[in-house]
1. Over all directions, the average projected area of the alpha-carbon convex hull for the stretch B:335-408 comes to how many nm²?
2. List the extent of the Cα atoms of the stretch B:119-188 along each of their three principal axes, largest first, rounded to whole Å.
3. Starting from the Cα gyration tensor of the stretch B:82-148, multiply each eigenvalue by 5, take the square root, and state the resulting semi-axes largest first in whole Å.
4. Partner chain Cβ atoms within 10 Å, averaged over the residues of B:489-499 - can you pull that number for me?
5. Rg to Rh for the stretch B:176-248: what is it, with Cα atoms only and Rh by Kirkwood?
6. Please give the helix B:57-67 orientation as an angle from the longest Cα principal axis of chain B, in degrees from 0 to 90, rounded to the nearest 10.
7. I need to check one value: relative contact order of chain B, counting alpha carbon pairs closer than 8 Å and at least 6 residues apart, in percent.
8. Partner chain Cβ atoms within 10 Å, averaged over the residues of A:154-161 - can you pull that number for me?
Ligand SMILES: Cc1ncc(COP(=O)(O)O)c(C=O)c1O
């Protein structure tokens with residue numbers, strides 16, 4: 001069963017674990033679940049987040065200053081195991097995961113029933129040639145990114161590899177948190193990508209910041225993932241209102 | 001090894017697969033119970049295999065004639081008697097499902113009847129399960145008919161396939177793991193498989209198709225950068241070995257950079273250390289360091305690619321200056337990212353870049369030094385995929401390490417010629433170079449990597465000392481990790497966060513080293529030595545007063561290695577003097593106030 005397949009459009013929120021406070025994650029997850037978010041992406045902070053814009057960079061470095069570590073993050077999730085029922089996805093750069101030990105990490109993820117992993121600097125070819133076996137051992141599906149520029153055949157390949165999770169569509173070629181308009185050209189490309197993904201759900205992320213944009217995205221994809229805009233709201237303690245306005 | 005791809009039909013992806021180099025047999029499944037059942041085949045020059053399961057001789061013969069099949073693969077319970085009825089000039093592959101050693105016994109009855117056996121994962125459905133079986137069982141196969149290995153082989157099987165050997169193993173049968181859906185094959189994956197399989201790393205400089213030197217390297221980049229690195233690799237491979245490129249590159253290196261740089265026999269230094277010591281004078285390059293060799297090469301590549309906006313990262317500012325220089329030369333826009341801290345520390349180089357027309361953008365994130373400037377440059381590249389990222393050392397995602405090493409290889413190519421003139425031999429006993437990211441070292445070692453007679457000495461900055469917590473000795477303190485797009489040795493904490501290095505020399509102040517160096521150091525081909533801030537200062541002063549050459553602080557690290565190595569009278573040593581000391585005068589002034 002693919003937990004990301006639903007017959008309704010979905011909304012997911014990205015939170016940086018350990019931001020703004022070391023122990024903020026618990027409250028954030030429970031609140032988001034209560035507000036009806038479909039699934040949550042928990043960001044593993046990293047010192048050198050090369051695909052992220054200033055907002056996520058800042059949350060990441062504050063989380064690290066707060067003392068967030070991957071082991072602690074997993075412990076925090078463990079403590080919430082009986083309270084969080086919506087799917088959890090872990091998202092982070094590869095290095096902290098490698099350093100933790102891929103086997104150890106995946107076995108913890110399995111125990112926590114993590115629904116999928118997103119490791120943006122791991123490409124589908126590296127995954128297939130070097131890492132697939134160990135991921136398979138713990139049965140954790142990996143989610144890969146595509147962009148509007150990804151060639152069609154590659155989209156199909158990614159969709160196939162992600163058949164037990166989803167494909168993450170980066171809305172335009174840019175780092176996280178850059179505003180852009182979903183113009184006609186983009187939305188028809190999204191629709192085309194949606195077709196190429198077949199049965200694998202396609203979610204749009206990077207740069208979704210409003211209800212309007214969400215609705216627009218819903219016309220062509222299965223759901224949206226919101227990170228920067230949510231974290232900006234967290235900064236001013238208005239995240240509850242933000243999510244309310246979004247849903 | 002024979003590569004057979006099975007489950008093809010007459011569609012476009014099948015045609016692409018049949019056209020791939022390295023694919024020998026194309027398989028078409030004439031079995032209605034299969035998801036890959038086909039009633040047609042392709043027009044291909046490759047050997048065509050028809051796969052049948054318990055079909056009648058009549059039916060099989062009809063298909064052989066109709067589709068001009070070269071080989072018949074029998075994948076059911078066909079008996080030896082049945083096979084004896086086949087015309088002799090049809091090649092036969094007999095398939096067996098294997099789950100235990102006992103399944104091998106049946107093969108004895110078929111010896112001499114088939115050209116090949118095919119060993120597949122045992123299943124009710126006659127193959128196509130997509131899972132592998134335990135190949136070790138085949139150790140018990142002692143027959144004389146060669147076999148193909150089948151069942152669930154995928155890209156992830158490469159390592160194991162390479163380890164599995166058997167005297168009768170003739171090839172591999174690829175199917176379900178190489179398709180986008182049943183009947184739609186993925187030619188990309190098959191091509192990668194063939195490349196990886198055939199790869200022999202004979203040279204330390206060879207990378208595998210994914211860009212790995214041994215276990216280090218690769219392109220760990222987000223999907224957003226995939227088109228960029230692929231475009232770059234294709235452009236480098238197609239352009240940088242043409243006569244047009246080579247003549248332009250050579251011309252600029254000669255007339256603009258001032259190459260060849262001298263190979264200078266340092267007499268007084270030789271006397272002091274009791275060996276014959278040559279200095280490769282990269283300090284005499286235009287802009288004062290070897291960095292410009294690479295920027296000249298890359299700017300020609302960028303121009304060829306039609307790029308007009310150039311971005312770069314810089315630490316001390318040497319690479320930034322070298323980039324700004326060639327951008328001025330070519331009339332291209334130049335943005336250099338530089339850590340906010342480095343901008344303060346390296347004011348004269350900031351001014352040089354500005355005079356050369358470049359924009360210097362501060363990197364204000366993280367530790368505000370070189371690694372953060374690199375992050376910013378990469379982010380800029382993601383947002384502006386039409387710009388050209390001109391990286392300054394043998395670091396970053398594949399193909400950068402390969403490209404930068406190639407452009408710097410001019411250093412050792414000259415050393416070979418110059419040594420021949422001076423010593424009658426083309427190679428020295430030792431080459432010594434400092435390693436920040438490792439571009440001057442890669443260039444100085446390049447021609448000698450595969451000559452085991454030459455000792456390669458990579459000198460890293462120990463900062464205040466290896467154990468001081470303020471060091472940049474990556475090969476000692478680092479562990480494998482991923483930063484800036486490659487898997488390499490990296491200074492990091494237990495949680496995988498990258499740590500801030502320290503060295504008195506800004507050019508060596510980087511938490512990683514190029515994957516080529518990680519590979520050659522890890523495999524013992526190169527040795528690494530660490531030299532502290534104070535030792536480097538001492539070596540800088542010594543060279544100034546013995547030879548009248550004020551070296552860059554980076555190069556001074558390489559010089560100090562002379563003290564640490566055991567040298568013999570007859571040894572011929574080359575020290576790569578990567579840069580001149582002008583940029584370090586402030587540090588020298590501060591450290592040697594009472595000269
Ligand atoms: C003179 C000099 N030598 C060496 C280096 C270190 O770089 P690499 O290890 O890439 O040669 C630098 C870097 O700025 C430099 O300026």
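1. Values: hull surface 21.8 nm².
Directional mean of the projected Cα hull area for the stretch B:335-408 stands at 5.4 nm².
2. Extents along the principal axes: 37, 28, 18 Å.
3. That gives 21, 14, 10 Å for the three semi-axes.
4. Across the residues of B:489-499, the mean count of other-chain Cβ atoms within 10 Å is 6.
5. Values: Rg = 15.5 Å, Rh = 14.8 Å.
The Rg/Rh ratio comes out at 1.05.
6. 50
7. Once normalised by length, the contact order is 11 percent.
8. 3
We did not get these values from a lab; they are worked out from the coordinates using the rules stated. The structure displayed is predicted, hence computed values, not measured ones. A quick note on method: Cβ atoms are made from the backbone with ideal geometry, for glycine too, and the neighbour counts reach across all protein chains shown.
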